[in-house]
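The values are calculated or read from the model by the stated rules, or taken from the named source; none is laboratory data. For clarity, every value in this text was computed on a predicted model and none was experimentally measured. Note: ideal-geometry Cβ built from the backbone for every residue, glycine included; neighbour counts use all protein chains shown. To get the accessible areas, we keep the full protein, side chains included, count just its heavy atoms, and leave off ligands, DNA and RNA. Shrake-Rupley method; radii C 1.70, N 1.55, O 1.52, S 1.80 Å.
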Amino acid sequence: MDTNADGRSELVVGAPGENAGAGSVWVLPGTTAGITATGSFTFGAGTLGAVAPGAASGTSFNR
């Protein structure tokens, strides 16, 4: 998935058990050398404005 439209795919990782089960999603950028942690970011239910205990954000992804 190319989330920033730079022509390189990012690695998107779900962590549904993080934050007491509310879940989180990590995005690691792709570079010409491969995947890197530099510039990575995370978001979860709280970031999206809906803190839901046990929401398990990042359990599944749809394209």
field: Where Rh is the Kirkwood radius over Cα pairs, Rg/Rh for the chain
entry: 1.03
query: Heavy-atom accessible area per residue, the chain, 1.4 Å probe: how many Å²?
result: 64
- line: On the formula 1/(1 + (r/R0)^6), with r taken between the Cβ atoms of Thr36 and Ala15 and R0 of 22 Å, the FRET efficiency rounded to 0.05 is 0.75
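The chain: which chymotrypsin sites (Phe, Trp or Tyr not before Pro) are DSSP loop and have at most 11 other beta-carbon atoms within 10 angstrom?
Details: sites: Trp26, Phe41, Phe43, Phe61; in loops: Phe61.
Counting only loop positions with at most 11 other Cβ atoms within 10 Å, the chymotrypsin sites (Phe, Trp or Tyr not before Pro) in the chain are Phe61.
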- prompt: Excluding Thr42 itself, what net charge comes from residues whose Cβ is under 15 Å from its Cβ, given Lys and Arg +1 and Asp and Glu -1?
  reply: -2
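Taking all protein chains in place and a 1.4 Å probe, what share, in percent, of the accessible surface of the chain do carbon and sulfur account for? Please report the intermediate quantities before stating the final value.
On the way: 2350 of 4050 Å².
Using a 1.4 Å probe with all protein chains present, the chain comes out at 58 percent carbon and sulfur.
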